[in-house]
Amino acid sequence: MLAMNKIKIFGATMIAIAATVVVSSCHDKRSTGWQYAPNMYEHIAPEYDQKNNNFKDGKTAQLPPPGTIPVGFTRFDYPNTRAGYDQAAVEVKNMIAQTQQNYAEGKKLYESFCSPCHGFTGQGDGTVVQHGYPAPPSYSKGQSSRGGAMKDLTDGKIYHTITYGVNSMGSYASQLAPEERWKVIMYVHHLQTL
């Protein structure tokens, strides 16, 4: 008789638990259940486009303070003008190590980004020229559109040109990181001697 009561009590308990689960699960059809970390879903930080009373202008999205630079950004304080080009020609020098690995990486980058116009040997005979576009000057024999021989271009002149572009050549600042530009310049100096 005692065993029979234990079975009835156990059965009643299981029915009560099952009924509780069924009733609580049917409460809200839109509910996803328990949240493990509610602060991931209901964050207290305002969205960038929401009004924010913490700032005088009431905007959440604020401009960075003057003079700040993003993490990983390298400044190039020479304007995209002829004066900036001439100043860079004198002041800007390649500071990365002249190693075989950097030279090889520069060659690879040059072949990927520059050879379609300048050609693999820097003679201005790339594939775009074969399709009717104007040829850029040869690195070893040509004349720069800004004056002087292409073989005499300095680190600063080439860096300025890669960063801002000139004539038909657009800027490659978004395609080549500053260190990659320096590696390309190493290889261009080799092409100037051919």
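Could you tell me which residue out of 174, 120, 158 lies farthest along the dipole of the chain toward its positive end? Charges go on the beta carbon: Lys and Arg +1, Asp and Glu -1, centred on the Cα centre. Of the options given, the answer is 174. Net length available on complete extension from residue 83 to residue 120 is 10.2 nm, with 0.36 nm assigned per residue and the Cα-Cα distance removed. Spin-label model, residue 19/residue 146: points 7 Å from Cα along the beta carbon direction are separated by 8.7 nm. Counting only alpha carbon atoms, the long axis of helix 2-25 and the longest principal axis of the chain meet at about 40°.
Taking a straight Cα-Cα cut-off under 22 Å and skipping sequence neighbours fewer than 8 places away in the same chain, the lysines within cross-link reach of residue 151 are 93, 107, 108, 141, 183.
Entry note, region 82-192: relative contact order of 33 percent, from Cα contacts under 8 Å with a spacing of 6+ residues. Working from Cα positions, state the angle (0 to 90°, nearest 10) between the long axis of helix 155-164 and the longest principal axis of the chain. The two axes meet at around 50 degrees.
Taking the Cα of residue 90, stepping 7 Å toward and past its beta carbon, and measuring to each backbone N in region 134-165: which are under 19 Å? Output list for this probe position: 146-149, 152-161. Based on DSSP H segments of at least four residues, each scored -39500 (n - 2.57), the chain has a per-residue ellipticity at 222 nm of -12500 deg cm²/dmol. (1) 31; (2) 57; (3) 27: which one is percent of Cα pairs over 26 Å apart as calculated from this entry? Matching the structure shown: (2).
Look at 113, 73 and count the other Cβ atoms within 10 Å of each Cβ; fewest to most, that gives 73, 113. Put simply, when 39-48, 158-167, 140-149, 90-99 are sorted by average Cβ atoms within 10 angstrom per residue, most first, you get 158-167, 140-149, 90-99, 39-48.
Projection of the Cα convex hull of region 110-194, averaged over all directions and equal to a quarter of that hull's surface, yields 4.9 nm².
Throughout, read-outs are computed from the coordinates displayed, never taken from laboratory work. From a predicted model like this one, the values you see are computed outputs, not experimental measurements. Methodologically, a virtual Cβ is constructed for each residue, glycine included, from the backbone with ideal geometry; neighbour enumeration extends over all protein chains shown.
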